[in-house]
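Input: a single structure, listed below in structure tokens.
The values are calculated or read from the model by the stated rules, or taken from the named source; none is laboratory data. Computed from a prediction, not measured in an experiment: that's the story for all the values here. Positions of Cβ are backbone-derived with ideal geometry, glycine not excepted, and every protein chain shown enters the neighbour counts. The protein model used for the area step is the full one, side chains on, heavy atoms only, and it has no ligands, DNA or RNA in it. Shrake-Rupley method; radii C 1.70, N 1.55, O 1.52, S 1.80 Å.
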Amino acid sequence: MARLPPGPPLRQRQVQLSFPPSAYAPHLPGTIVSASRRRVVRAAFVRCWDSYKEHAWRYDELAPVSLEGRNSFGGWAATLVDSLDTLLIMGLWDDFDAALPVVGALDFGQPSVASINVFETTIRHLGGMLSAYDLSGERVLLLKAIELGDMLYAVFDTPNRLPPFWLDFAQAKEGTQQAGTADPAAAASTLALEFTRLSQLTGNPKYFDAVDRVKAFLARTQDATQLPGMWPTLLDLAGEAADRGRDFTLGALSDSLYEYLPKMASLVGGHDPAYEAMYRSAMATVKEHLLFRPMLPDGADVLFSGDVHVRRDNGGGGVAELFAVGQHLGCFAGGMFGLGGKLFGIEEHVEIGEKLARGCAWAYKAFPTGVMPEIFGMVACPSATEGCEWDEDRWKSQAGREDQPPGLPKGFTNARDPRYLLRPEAIESVFLMYRMTGKAEYQEMAWDMFLAIQNATSTEHANSAIEDVTVERGNTTKLDNMESFWMAETLKYFYLIFSPPDLISLDEYVFNTEAHPLKRPTR
């Protein structure tokens, strides 16, 4: 059984900027403005939390228009568990205390479904309880995390000890689970932080051993794929193969696999060189094949991460073809590049991270609502490192139209999925780049984003995902959906970017993909 690295963490490079004393001075103009904005964000959270308490208490989610409770994640109060650490960070102690008995009473033996999504349950429920325990020391949270961790651990009971995407309770009881043959790359790969932290807190190595097997599979297959250095969007875990898939992205299906590489290096105290090695190899491939600079009317020096399909050429080899498609889910990449650059001393990656974060903030501002869509197309410049002149004819040609549709800004060929689902990835990268660089312009970007989101998504009682970001401000159609990550991630990052920098320092905590800060061990 693989065990946690022995001994205290190695000395690691500083991630967060050493902010000057003025960043903490409450009487200076800059900090006064930040405090005012922080209060506005907190009020937005309280408004949603109060609506959840009144209309959906103990349910997984609040439907923010119809004001009904919904169960989408096993019926284990996902929004409540997901929001525990946000309550602590925002100083809402009474609400935190009121939520604890609900957590203590959760019965993981009585789900509302026959199977659960292991990925979602791990990042929201297990990550939420571990983070809240790290911040509060409330023992009930650790006890429930162990209870849930033991249930989730059953997913590794397969012939090769690699997990399927779903934990099917009947199959788990019968011992007949099998790993998948076409599972999202992010699924099994995004259990590492939470299971490792559970082993660190309990001293039980079984949780770490389980995810270390996934790491070994990733390390073994990384250079044997159709795009060496990256893993395809779908993995054959049952056959332990990654050489057949031809689609590669930092977006949906793959995203947090890459995000967890530098984060795991940090959480295990620098003791496992495999995570840095995998990160360096993956990002070299991303830089060569996926990053693109878009052709824009204003010539903005920003980057996006696209999708690559490796097609067969006439000689039987593979040719990597870039599609200049942006995803909101891919906006985490700016923060990831920044974190990897800081941890591993790669200054160029910090610069890339800045351009990626600025790109997503630019895209927000470009649309009529001030909010970026889920998925959109652009026109890539010939080189990611050099700009290109705006070419109206080329833009129209790639867009496949002569006219400019209402609400679609120049530079975008389409808004293939025009929804905004209250996602956090853009503000996540903006927050991280602010903490790493100290540049106040990131706070201004964040404030513009927050105001636009509030204007576009507010309902009478909370906030809702919207149908189309290309319509005029104030005319958005609400989808009656408010996923738990709105309060667990999006509002948390908006709050933290206007908070004193020592509140959840990046050198003391590492965020899981659901924005739950996990304590980095000090001994």
Ordering Ile32, Ile346, Ile116 by accessible area with a probe of 1.4 Å, largest first, what comes out? Ile32, Ile346, Ile116
Farthest toward positive dipole pole in the chain [+1 Lys/Arg, -1 Asp/Glu at C-beta], among Gly149, Val379, Met487: Gly149
For the chain, what does the convex hull of the Cα positions come to per residue, in cubic angstrom? 147 Å³
Projecting each Cα onto the charge dipole of the chain (Lys/Arg +1, Asp/Glu -1 at the beta carbon, about the Cα centre), which of Ala78, Gly270, Pro424 comes out farthest on the positive side? Gly270
Across the range 90-106, in residue order, what do the Karplus-derived ³J(HN,Hα) couplings come to in whole Hz, using 6.51 cos²θ - 1.76 cosθ + 1.60 with θ = phi - 60° and x for Gly and Pro? 8, x, 8, 5, 5, 5, 4, 4, 6, 7, 4, x, 5, 4, x, 8, 4
With each label point set 7 Å from Cα along the Cα-Cβ vector, what nm distance links Ile32 and Arg473? 2.5 nm
In Å, what is the Rg of the alpha-carbon atoms in the range 165-300, and how long is Dmax? 16.6, 61
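To one decimal place, what Kirkwood hydrodynamic radius in Å is obtained for the range 85-230 from all pairs of distinct Cα atoms? Don't skip to the end; give the middle numbers.
On the way: mean 1/r = 0.0610 Å⁻¹.
That comes to 16.4 Å for the range 85-230.
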Along the principal axes of its C-alpha atoms, what lengths does the range 295-407 span, in descending order and rounded to whole Å? 47, 47, 26
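Using only DSSP helix segments of four residues or longer, with each worth -39500 (n - 2.57), what per-residue ellipticity at 222 nm results for the chain after dividing by its residue count and rounding to 500? Show your work: numbers first, answer last.
On the way: 19 runs with 225 residues, N = 523.
-13500 deg cm²/dmol, from helical runs alone.
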Taking amide H positions as placed in the peptide plane 1.01 Å from N, state which residues far from Glu68 in sequence (5 or more) or on other chains have amide H under 5 Å from it. Ala63
Within the accessible area of the range 17-149 (1.4 Å probe), percent carbon and sulfur: 54 percent
Dipole magnitude of the chain, debye to nearest 20 (Cβ charges: Lys/Arg +1, Asp/Glu -1, about Cα centre): 960 debye
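Just how large is the dipole of the range 136-250 about the Cα centre, in debye to the nearest 20, putting +1 at every Lys and Arg Cβ and -1 at every Asp and Glu Cβ?
Numbers: 11 positive and 15 negative charges, 42 e Å.
That gives a dipole near 200 debye.
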Long-range amide H partners of Ala241 with built H, under 5 Å: Asp236
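Note the direction-averaged projected area, equal to a quarter of the hull surface, for the Cα convex hull of the range 441-523, in nm². Numbers along the way, then the final one.
Numbers: hull surface 27.3 nm².
Its Cα hull, projected and averaged over all orientations, spans 6.8 nm².
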Which order do Arg11, Arg38 take by accessible area at a 1.4 Å probe, largest first? Arg11, Arg38
Could you go through the range 444-456 in sequence order and give the Karplus-derived ³J(HN,Hα) for each residue, using 6.51 cos²θ - 1.76 cosθ + 1.60 with θ = phi - 60°, rounded to whole Hz, and x for Gly and Pro? 5, 4, 4, 5, 4, 5, 4, 4, 5, 5, 4, 5, 8
GluC sites (Glu not before Pro) within the range 375-442, DSSP loop, no more than 13 other Cβ atoms inside 10 Å: Glu386, Glu389, Glu402
Could you give the dipole magnitude of the range 253-299 about its Cα centre, charging the beta-carbon of Lys and Arg +1 and that of Asp and Glu -1, in debye to the nearest 20? 80 debye
For the range 1-154, evaluate the Debye formula with one uniform point scatterer on each Cα (no solvent term) and list log10 I(q)/I(0) at q = 0.17 Å⁻¹, rounded to two decimals. -1.06
3J(HN,Hα) from dihedral phi, the range 500-515, Karplus parametrisation 6.51/-1.76/1.60, rounded to Hz, x for glycine, proline: x, x, 7, 7, 6, 5, 5, 8, 10, 9, 10, 7, 6, 6, 9, 6
Whole-number D in µm²/s for the range 375-523 (Stokes-Einstein; Kirkwood sum over Cα pairs; 10 °C, 1.306 mPa s): 89 µm²/s
